[in-house]
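**Q** What follows is a structure written as structure tokens; I'll ask about it next.
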Amino acid sequence: MEIIILPSKEDCAKLGGQLIFNLVKGNPECVLGLATGSTPVPLYEELIRLHKEDNLSFSNVTSFNLDEYIGLSKNHPCSYRYFMQEQLFNSVDINFNSTHVPNGLADDIQVECEAYEQSILDAGGIDLQILGIGSDGHIGFNEPCSSLSSRTRMKTLTGETIKDNARFFESENDVPRHCITMGVGTILDTKSVLLFAFGEGKSDVISKAIEGPISSMVPASALQLHPKVKVILDEPAASKLVNIDYYKEVYANRPSS
Ligand code: GLP
């Protein structure tokens, strides 16, 4: 894991934007794995800026989102499909048919999940996966105790996640209890990962995920097994890392490439 600690979330978004810029310029047909939540919003703003000001085109890019609530239509303002349209897709030149978000209204959720896995395979796999992290250690919606080899499937949200995500809904009761999420194994199969976390509130879970043991109790800790992960943190999110000075030294002295 490469741990990168920058002064602000805007700096983190700039770096993420540059990495995605380089990937898409080098391979305009690349496959991006996308995330929702508040964390990737500054990154999506940066991608929109790069599209408008620096000619970054998404016209041949394919995308797969991590997850979706079961029971919300794509037009529901709290659905992740709606989020993606609003936060990124409507402001860049990506082809709608090349964007994939699990269908939370599918008649047969199991069939939907299997088809989602197959579409990722058919696209040649995900070149770069963007991740946030839940306060309980989830990635996607892989809640504690998720199998570390799990694939796309239905999950039940924990009370903690329902509370955390209630801020996007009118009330806690409106948060769906179930979702479709790529599995931890699906995420481990991606070719590279950028995990972002911002703010003091994420500092405990970040230290567990990065410096703690690999455990299904902290699904993000499975990323320690992934060969190509950059963890991009602002100072407050990094504040509880034991080896913080070492990570800063490694980054400051990184070989130029
Ligand atoms: C949701 C999403 C996750 C995301 C998490 C963190 O639960 N399913 O993919 O990482 O929220 O949210 P935030 O970035 O708002 O802290």
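The values are calculated or read from the model by the stated rules, or taken from the named source; none is laboratory data. This structure is a prediction, so every number in the text was calculated from the model and none was measured. Here Cβ is always computed from backbone atoms with ideal geometry, including for glycine, and neighbour counts include all displayed protein chains. Just the protein is used for accessible areas: all its heavy atoms, side chains included, with ligands, DNA and RNA removed. Shrake-Rupley method; radii C 1.70, N 1.55, O 1.52, S 1.80 Å.
**Q** Which of 241, 131, 225 moves most in a GNM of the chain, Cα contacts under 10 Å?
**A** Answer for the Gaussian network model of the chain: 225.
**Q** Tell me what the chain gives for mean residue ellipticity at 222 nm when only DSSP H runs of n ≥ 4 count, each as -39,500 (n - 2.57), the sum divided by the residue total, rounded to 500 deg cm²/dmol. Walk me through the intermediate numbers first.
**A** Details: 9 runs with 87 residues, N = 257.
Mean residue ellipticity, 222 nm, calculated: -10000 deg cm²/dmol.
**Q** Just how much of residue 206 is accessible, in Å², when a 1.4 Å probe is used and the result is rounded to the nearest 10?
**A** For residue 206, the solvent-accessible surface is approximately 0 Å².
**Q** What spacing in nm lies between the two simple spin-label points modelled at residue 22 and residue 2, each 7 Å away from Cα in the Cβ direction?
**A** Placing both labels 7 Å beyond Cα along the Cβ direction yields 0.6 nm.
**Q** Continuing with the same structure: Could you tell me the extents of the chain's C-alpha atoms along the three principal axes, largest first, rounded to whole Å?
**A** For the chain, the Cα spread along each principal axis is 53, 41, 33 Å.
**Q** What fraction of the DSSP beta bridges in the stretch 151-257 is antiparallel, stated in percent and rounded to the nearest 5? All intermediate terms of the calculation are to be shown ahead of the outcome.
**A** Working: 5 of 10 bridges.
Of those bridges, close to 50 percent are antiparallel.
**Q** Rolling a 1.4 Å sphere over the protein heavy atoms, what is the accessible area per residue of the stretch 89-154, to the nearest Å²?
**A** About 43 Å² of surface per residue is accessible.
**Q** While we're on this one: Run the reach check for residue 52 against aspartates and glutamates, Cα to Cα strictly under 13 Å, same-chain hits fewer than 8 apart removed. What comes back?
**A** Qualifying aspartates and glutamates at Cα under 13 Å: 93.
**Q** Report the FRET efficiency, 1/(1 + (r/R0)^6), for residue 73 and residue 204, where r is their Cβ-Cβ distance and R0 is 35 Å, rounded to 0.05. Display every interim value, and only then the final one.
**A** Numbers: r = 35 Å, r/R0 = 1.01.
E between residue 73 and residue 204, to the nearest 0.05, is 0.50.
**Q** Still on this model: Choose one answer from 201, 33, 137: the residue with the largest mean-square fluctuation in a GNM of the chain with alpha-carbon springs under 10 Å.
**A** 201
**Q** With the Cα gyration tensor of the stretch 129-247 giving a ≥ b ≥ c as the square roots of its eigenvalues, does the rule (a/c under 1.5 for rounded; else a/b larger than b/c for prolate; else oblate) give rounded, prolate or oblate? If you can, show how the numbers build up before the last one.
**A** Working: a/c = 2.00, a/b = 1.25, b/c = 1.59.
Note, shape of the stretch 129-247 comes out oblate.
**Q** Report, in listed order, any pair from 9/240; 14/230; 25/228; 155/230; 208/248; 74/155 with a Cα-Cα distance greater than 23 Å.
**A** From the list (9/240; 14/230; 25/228; 155/230; 208/248; 74/155), the Cα-Cα distance tops 23 Å for 155/230.
**Q** Say a paramagnetic label sat at a point 7 Å from the Cα of residue 60, along Cα to Cβ; which residues of the stretch 106-137 have their backbone N under 19 Å from it?
**A** Residues passing the 19 Å test: 122-128.
**Q** Considering only the chain, what is the antiparallel percent among its DSSP beta bridges, to the nearest 5? Intermediate results must be reported in sequence, preceding the final value.
**A** Numbers: 9 of 30 bridges.
Of those bridges, close to 30 percent are antiparallel.
**Q** Right, here's the next one. Within the stretch 11-153, what whole-number % of the accessible surface is contributed by carbon and sulfur, with the 1.4 Å probe and all protein chains included in the calculation?
**A** On the stretch 11-153, the fraction of accessible area on carbon and sulfur atoms equals 48 percent.
**Q** How many nm is it between the label spots at residue 252 and residue 118, if each spot is 7 Å from the Cα in line with the beta carbon?
**A** 5.3
**Q** Return the percentage of antiparallel bridges among DSSP beta bridges fully within the stretch 1-151, rounded to the nearest 5 %. Let's see the in-between values first.
**A** Details: 1 of 9 bridges.
Bridges in the stretch 1-151 are about 10 percent antiparallel.
**Q** OK, next. Multiply the residue separation of residue 135 and residue 49 by 0.36 nm, subtract the distance between their alpha-carbon atoms, and state the gained length in nm to one decimal. Each step should come with its number before you reach the end.
**A** Numbers: separation 86, 0.36 × 86 = 30.96 nm, distance 2.92 nm.
The span from residue 135 to residue 49 would gain 28.0 nm if fully extended.
**Q** Between residue 243 and residue 11, 0.36 nm times their residue separation minus their Cα-Cα distance comes to what?
**A** Values: separation 232, 0.36 × 232 = 83.52 nm, distance 2.11 nm.
Full extension of this stretch gives 81.4 nm more.
**Q** Out of the trypsin sites (Lys or Arg not before Pro) in the stretch 1-85, which ones are loop residues according to DSSP with at most 15 other C-beta atoms within 10 Å? Let's see the in-between values first.
**A** Details: sites: 9, 14, 25, 49, 52, 74, 81; in loops: 74.
Sparse-neighbourhood loop trypsin sites (Lys or Arg not before Pro): 74.
**Q** Separation of the stretch 1-46 and the stretch 117-139 by C-alpha centroid, Å?
**A** 14
**Q** Give the separation of the Cα centroids, the stretch 196-226 to the stretch 51-104, in Å.
**A** If we compute the Cα centre of each part, the gap is 26 Å.
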